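This report concerns only the one structure given below.
The values are calculated or read from the model by the stated rules, or taken from the named source; none is laboratory data. Since the structure is predicted, the reported quantities are computational estimates derived from the model, not experimental observations. Counting neighbours? That spans all protein chains shown, and the Cβs are built from the backbone with ideal geometry, glycine included. Ligands, DNA and RNA are excluded from the accessible area calculation, which covers all protein heavy atoms including side chains. Shrake-Rupley method; radii C 1.70, N 1.55, O 1.52, S 1.80 Å.
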Amino acid sequence: MEKKNAPLRIGFIGAGRLACTLARAWNAGEIVVGASSRRAESVSALVARCPDARPFHSAAELVDQCDLVFVTVTDTAIEEVSNAVAWHKGQSVVHCSAACEIDLLHHAKQCGAESGGFHPLQIFSDPEVAIRHLAGSSVAIEASGSLQAQLFRLASAIGMTPL
């Protein structure tokens with residue numbers, strides 16, 4: 001469980017452009033554990049941007065090492081990915097799709113994990129451009145309690161304005 005102001009151990013299920021951008025941004029102040037993805041080349045790209053991160057062969061293996069997991073897969077895969085993992089109390093999981101409800105993470109919540117949404121209001125078509133525009137951009141946060149506080153802190157740490 002996170003101690004106040006202690007770095008979070010963050011992981012990413014899905015290692016596309018959004019994950020690569022956020023992992024790189026948080027790599028300086030948080031512990032980016034690594035990523036798991038169906039595409040090995042995506043994980044390799046994320047790990048190359050975060051030298052302390054490592055590739056994971058499965059989402060379950062990654063989740064066991066993290067306090068907070070970002071599910072950054074396609075909208076249609078969010079629920080399936082969440083349902084395939086054994087979450088536990090003390091963990092948090094968020095998805096980044098502004099088009100989907102956080103109810104897609106109901107399995108994680110039933111297992112005792114906190115769930116929420118972290119929806120950056122920015123385009124991520126090029127991670128090199130996106131990282132330069134994080135500061136000053138907004139992010140819609142859908143969470144409560146300690147998870148909401150964590151997400152607000154993470155957004156503020158990289159210069160984003162949490163909503």
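Per DSSP H run of n ≥ 4, the term is -39500 (n - 2.57); total these for the chain, divide by its residue number, and report the mean residue ellipticity at 222 nm rounded to 500 deg cm²/dmol.
Only helices count here, giving -9000 deg cm²/dmol.
In whole Å, how far is the Cα centre of the stretch 51-122 from that of the stretch 140-155?
So the two Cα centres are separated by 14 Å.
Below 8 Å, C-alpha to C-alpha, sequence gap of six or more: please give me the relative contact order for the stretch 1-155 in percent.
Relative CO of the stretch 1-155 lands at 20 percent.
To the nearest 10 square angstrom, how much accessible area does TRP87 have with a 1.4 angstrom probe?
Solvent-accessible area, nearest 10 Å²: 10 Å².
Out of all DSSP beta bridges in the chain, what portion is antiparallel? Express it as a percent rounded to 5. Could the numbers behind the result be given before it?
Working: 4 of 25 bridges.
Restricted to the chain, the bridges split so that about 15 percent are antiparallel.
Counting only other residues whose beta carbon sits under 13 Å from that of PRO120, what net charge do I get with K and R as +1, D and E as -1?
0
Counting only residues 5 or more places away or on other chains, whose amide H sits under 5 Å from the amide H of VAL93 once H atoms are built in the peptide plane?
When sequence neighbours closer than 5 places are left aside, the close amide H contacts are VAL69, GLU114, SER115, GLY116.
Count the net charge of all other residues whose Cβ sits under 12 Å from the Cβ of GLU142, scoring Lys and Arg as +1 and Asp and Glu as -1. Provide the component values of the computation, followed by the final result.
Numbers: positive: none; negative: GLU101, ASP103, GLU114.
After counting each charged neighbour, the total is -3.
Determine the dipole magnitude for the stretch 1-153: charges of +1 sit on the beta-carbon of Lys and Arg, -1 on that of Asp and Glu, nothing else is charged, the reference point is the Cα centre, and the result goes in debye to the nearest 20.
Rounded to the nearest 20 debye, it is 420 debye.
Counting only heavy atoms of protein chains, what accessible area per residue, in Å², does the stretch 87-163 have with a probe of 1.4 Å?
Values: 3590 Å² over 77 residues.
Per-residue accessible area for the stretch 87-163 comes out at 47 Å².
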